[in-house]
Amino acid sequence: MRRAFHAGLWACAALAVAFLLLPVLAIFLRVTPTTLVGELNDRVVLDALVVTAKTNAIAIVLLLVVGTPAAYLLASTRFRGRALVLTLIELPLVLPPAVAGIGLLAAFGRAGLLGSSLDVLGVALPFSQAAVVLAVLFVASPFYLRTAVAAFESVDRDLIDAARTLRAGPARTFALVALPVASAGLGAGAALAFARGIGEFGATIMFAGSVRGATQTLPLAIYAQFDQNFDVALAIGALLVVVSAVLLLLLKLPLPWARSASISPFGAVRSTSR
């Protein structure tokens, strides 16, 4: 009976892994590696790569600059409604992509809540690279913010208290104590957010469109090339798989900068330092 039970467990595990791995392997087995690499030189791929790299870099910088202090506040302060704020931060994780896109249009479009104010300032966000940045920010922010909150919550309060007894102000305590100690978690959160950002599709195509060389990111290029040149679509897919796999491996490897903590995006941060 015990053997049958364990055999059933292994069978279920094998089936799950095979189901999840097969579509990924199919991308690389559909055409030869030489063809995949050759198709990456296509101008469509290069244009999409530039747009993706540029918009995601801007989004990550904005997320780090604004999100890091916000996460520190949420981690270090207890106030009424904190649980609601954390829930709202996580909400984009479960929103359908179409809802995210239509929401961004309703907020920042010409007829949106801020549309008239933006028009007065001469700013037109929809169907621009700025729209791509906003779409990436909207879908990727929860991955960084929730991980950063957990990272700051893991900082030993004795260190914070010791810094304050040495007359370090809140800003110095944040910069010289909290940030270095939580750096592993912040790096993990940034990597997760970046991985989510480069794969964003739904909100981007609704809010920014898919204009080659302007707003067409790598996922949008896959969609555009699906009927035109399937090998190019496969090549882009393979590139995204490799980038995503590298990011995941970096999060799991015992790198020197990540030895101080074990991070879970939506759980506690467990210290591993000695």
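The values are calculated or read from the model by the stated rules, or taken from the named source; none is laboratory data. A quick note: this is a predicted structure, and the numbers were derived from the prediction, not measured. Virtual Cβ from ideal backbone geometry, glycine too; neighbours counted across all protein chains shown.
Just to be sure I understand, how many residues within the range 1-47 are among the aliphatic types (A, V, I, L, M), touching a residue at least 12 places away in the same chain (Cβ under 8 Å) and assigned to a helix (DSSP H, G or I)?
6
Take the conditions surrounded by 20 or more Cβ atoms within 10 Å (Cβ to Cβ), in a loop (DSSP other than H, G, I, E, B), modelled with pLDDT of 90 or more and not acidic (D, E) and apply them to T215. Does it pass?
Judged against the criteria, T215 is a match.
Report whether or not A53 is in contact (Cβ under 8 Å) with a residue 60 or more places away in the chain and either touching a Leu at 6+ places or on another chain (Cβ under 6 Å) or loosely packed, with under 15 Cβ neighbours inside 10 Å (or both).
no
Residues in the range 247-263: is at least one of a type in the set (A, V, I, L, M), surrounded by fewer than 14 Cβ atoms within 10 Å (Cβ to Cβ) and more than 18 Å from the chain's Cα centre (by Cα)?
Checked the range 247-263: at least one residue is of a type in the set (A, V, I, L, M), surrounded by fewer than 14 Cβ atoms within 10 Å (Cβ to Cβ) and more than 18 Å from the chain's Cα centre (by Cα).
Being in contact with a Pro (Cβ under 6 Å, 6 or more places away or on another chain) and either assigned to a helix (DSSP H, G or I) or in contact (Cβ under 8 Å) with a residue 60 or more places away in the chain (or both) is the requirement here; does L145 meet it?
For L145, the condition - in contact with a Pro (Cβ under 6 Å, 6 or more places away or on another chain) and either assigned to a helix (DSSP H, G or I) or in contact (Cβ under 8 Å) with a residue 60 or more places away in the chain (or both) - is not met.
From the list I205, I160, which residue is surrounded by fewer than 21 Cβ atoms within 10 Å (Cβ to Cβ), in a helix (DSSP H, G or I) and not hydroxyl-bearing (S, T, Y)?
Selected residue: I160, the only one of I205, I160 that is surrounded by fewer than 21 Cβ atoms within 10 Å (Cβ to Cβ), in a helix (DSSP H, G or I) and not hydroxyl-bearing (S, T, Y).
Give the residue that is modelled with the lowest pLDDT, with candidates limited to residues of the range 20-53 that are out of contact with any Asp or Glu (no Cβ under 6 Å at 6 or more places or on another chain) and among the charged types (D, E, K, R).
Going through the qualifying residues, I end up with R30.
Of these, F5, F79, F19, which one is closer than 25 Å to L239 by Cβ and either touching a Leu at 6+ places or on another chain (Cβ under 6 Å) or of a type in the set (F, W, Y) (or both)?
Testing whether each residue is closer than 25 Å to L239 by Cβ and either touching a Leu at 6+ places or on another chain (Cβ under 6 Å) or of a type in the set (F, W, Y) (or both) leaves just F19.
Of the residues G67, G122, G101, only one is surrounded by fewer than 19 Cβ atoms within 10 Å (Cβ to Cβ) and either within 30 Å of L239 (Cα to Cα) or free of Cβ contacts under 8 Å to residues at least 24 places away in the same chain (or both); which?
None of the other options fit; the residue is G122.
Tell me which residues, restricted to the range 178-198, are crowded, with 19+ Cβ neighbours inside 10 Å and farther than 14 Å from I60 by Cβ.
A178, V181, A182, A184, G185, listed by residue number.
So how many residues does the range 77-127 have that are farther than 20 Å from S141 by Cα, part of a helix (DSSP H, G or I) and among the hydrophobic types (A, V, I, L, M, F, W, C)?
2
What are the residues in the range 163-202 that are assigned to a helix (DSSP H, G or I) and free of Cβ contacts under 8 Å to residues at least 24 places away in the same chain, if any?
A163, R164, T165, P170, A171, R172, T173, A175, L176, V177, P180
Give A59, A70, A53 a once-over and let me know the one that is of a type in the set (A, V, I, L, M), closer than 30 Å to A178 by Cα and touching a Gly at 6+ places or on another chain (Cβ under 7 Å).
A59
Applying the selection to the range 41-97, what residues are over 18 Å from the mean Cα position of the chain (by Cα) and of a type in the set (D, E)?
Within the range 41-97, D42, D47 qualify.
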